[in-house]
Amino acid sequence: MNIANNLSHIKKSIPNHVQIIAVSKTKTKDQILKIYNAGHRDFGENKIQEMRIKYDELPKDIKWHMIGHVQTNKVKYIARFISLIHAVDSIKLLKEINKQAIKNNINIRCLIQIKIAKEESKNGISKDKLNDLMCFSNNLKNINIVGLMGMATYTSNKDIINSEFKELSILFNNLKTSYPKLSVLSIGMSDDYLIAIKNGSNMIRVGSKIFGERKS
Ligand SMILES: *Cc1c(COP(=O)(O)O)cnc(C)c1O
């Protein structure tokens, strides 16, 4: 298992415009450095505390992506350095991100997470709430919503995954007619990134295919 080779294999199998977020949750500093030293800069974490520690210990030109659910009271810990928050799912969270962005005198880039999976456990808002969230965000000067994110149902049935990604892709393209600046569609993980890219993904979040299986 060679981490740098894994990443370059994936890169070769996808179009150039698709950005790879290396999902480094539970992985060590040394494992992260293996691809950092090969030139990779975008890393994804799903826990605030773990990201903070890694931010402190690792090179400062890493672009950190928060891909997990964010509790409102924890935004303050990552606001000053976060590159993109993938899983915004409420007005309350948007307000807090904006507040922390103002405090730090920066703009924070966000994606809205849409619930496309049929399982109860997956986070995200339902499609019909999207317009409300987008309208509300127009008044938040320090937030920059750049696109949508989603996770497919956990299944080996590729037809289900394909139809869920397609649903989100259509929603994204429709939304772009009102918000032409939207540019990021973050769908696809280790087992389904090729299906996601077929459906218009331009940002994939890949963990185990790069770093190996996680134990926890
Ligand atoms: C863990 C995680 C990933 C990566 O999962 P892999 O199957 O290991 O590629 C992608 N997105 C989110 C939101 C995750 O929590």
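The values are calculated or read from the model by the stated rules, or taken from the named source; none is laboratory data. If you're wondering where the values come from, they're calculated on a predicted model, not measured in any experiment. All Cβ positions, even for glycine, are placed from backbone atoms using ideal geometry, and neighbour counts span all protein chains on display. Heavy atoms of the whole protein, side chains included, go into the accessibility calculation; ligands, DNA and RNA do not. Shrake-Rupley method; radii C 1.70, N 1.55, O 1.52, S 1.80 Å.
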Restricting to the range 1-31, name every residue that is open to solvent by 70 Å² or more (accessible area, probe 1.4 Å) and of a type in the set (A, V, I, L, M). M1
N202 fails exactly one of the following numbered conditions: (1) open to solvent by 30 Å² or more (accessible area, probe 1.4 Å); (2) in contact with a Phe, Trp or Tyr (Cβ under 7 Å, 6 or more places away or on another chain). What is the number of that condition? (2)
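Matching residues to (1) farther than 23 Å from R109 by Cα; (2) modelled with pLDDT of 95 or more:
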{"site": "I161", "(1), (2)": "yes, yes"}
{"site": "F165", "(1), (2)": "no, yes"}
{"site": "Y179", "(1), (2)": "no, yes"}
{"site": "I187", "(1), (2)": "no, yes"}
{"site": "D191", "(1), (2)": "yes, yes"}
{"site": "K198", "(1), (2)": "yes, yes"}
{"site": "S216", "(1), (2)": "yes, no"}
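For every residue, the table says whether it meets (1) under 17 Å from G147 (Cα atoms); (2) without any contact (Cβ under 8 Å) to a residue 24 or more places away in the chain.
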| site | (1), (2) |
| --- | --- |
| K60 | no, yes |
| H65 | yes, no |
| N73 | no, yes |
| I78 | no, no |
| I91 | yes, no |
| L94 | yes, no |
| N98 | yes, no |
| K103 | no, no |
| I106 | no, no |
Would you confirm whether any residue within the range 3-22 is within 13 Å of the ligand (Cβ to nearest atom) and on the phi > 0 side of the Ramachandran plot? no
Do we find a residue being more than 20 Å from L185 (Cβ to Cβ), within 16 Å of the ligand (Cβ to nearest atom), among the basic types (K, R) and within 15 Å of the chain's Cα centre (by Cα) anywhere in the range 45-55? yes
In this structure, is K115 of a type outside the set (S, T, Y) and modelled with pLDDT under 95? no
Output the residues belonging to the range 151-194 that are in contact (Cβ under 8 Å) with a residue 24 or more places away in the chain and within 13 Å of the ligand (Cβ to nearest atom). M151, A152, Y154, I161, S186, I187, M189, D192, Y193, L194
When you check S163 against the structure, is it among the polar types (S, T, N, Q) and in contact with a Ser or Thr (Cβ under 9 Å, 6 or more places away or on another chain), yes or no? no
Filter the range 127-176 down to residues that are among the β-branched types (V, I, T) and more than 21 Å from V75 (Cβ to Cβ) and give me whichever is most open to solvent (accessible area, probe 1.4 Å). I170
Considering only residues that are within 8 Å of the ligand (Cβ to nearest atom) and hydroxyl-bearing (S, T, Y), which ones fall in the range 195-216? S208
Filter the range 89-126 down to the residues that are under 16 Å from the mean Cα position of the chain (by Cα) and open to solvent by 60 Å² or more (accessible area, probe 1.4 Å), then identify the one that is nearest to L182 (Cα to Cα). R109
